[in-house]
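Q: Could you have a look at this structure, given as structure tokens, before my questions?
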């Protein structure tokens, strides 16, 4: 009973916060100017953790992370946001390889890295030669975007589905 009262009270406080009311009018799109807020440790369920978890999982806001030149930027995904399909730089016979639409790609010294992501139905990171003839499946992670910083390639990956919410940044290196 005490636990339910804490949850109800914290959800009430959460819904009273202006950011949860639904209007974020101004924000800096350059993540270098954002302030990092560390989430409370989940060693035990505390009011701080409940508020943090509720704000993260019940938010009406969805952010899109992208590369602009050599900078990492974000934008709020709203009714005006237009998604775009990424086209590979060469034709692929995706049905024969069991692939789907390309989610993201980035050139490498010896070819291309391409991600295929169908959420809960599977995902993969592939390397293709420059002409697309050779292909090697590297791993089965949900890559959403690539970022190149200081001549290094990073893959932003993650999936949030059915109570699972994981993500990470992977540095991609060649052997």
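FYI, it's all coordinate maths here, none of it is from the lab. Keep in mind it's a predicted model, so treat the numbers as computed, not measured. For neighbour counting, all protein chains shown are included, and Cβ atoms are generated from backbone atoms with ideal geometry for every residue, glycine included.
Q: In a solvent-free Debye calculation with one equal scatterer on each Cα, what is log10 I(q)/I(0) for region 94-172 at q = 0.21 Å⁻¹, listed in the order of the q values?
A: -0.94
Q: I'd like to compare 140-153, 50-63: which one has the highest average count of other Cβ atoms within 10 Å, and what's the full order after that?
A: So the order, starting with the most tightly packed, is 140-153, 50-63.
Q: What does the highest-first list of 118-126, 29-37 look like by mean Cβ count within 10 Å? All intermediate terms of the calculation are to be shown ahead of the outcome.
A: Numbers: 118-126: 15.4, 29-37: 9.1.
Ranking the peptides 118-126, 29-37 by packing returns 118-126, 29-37.
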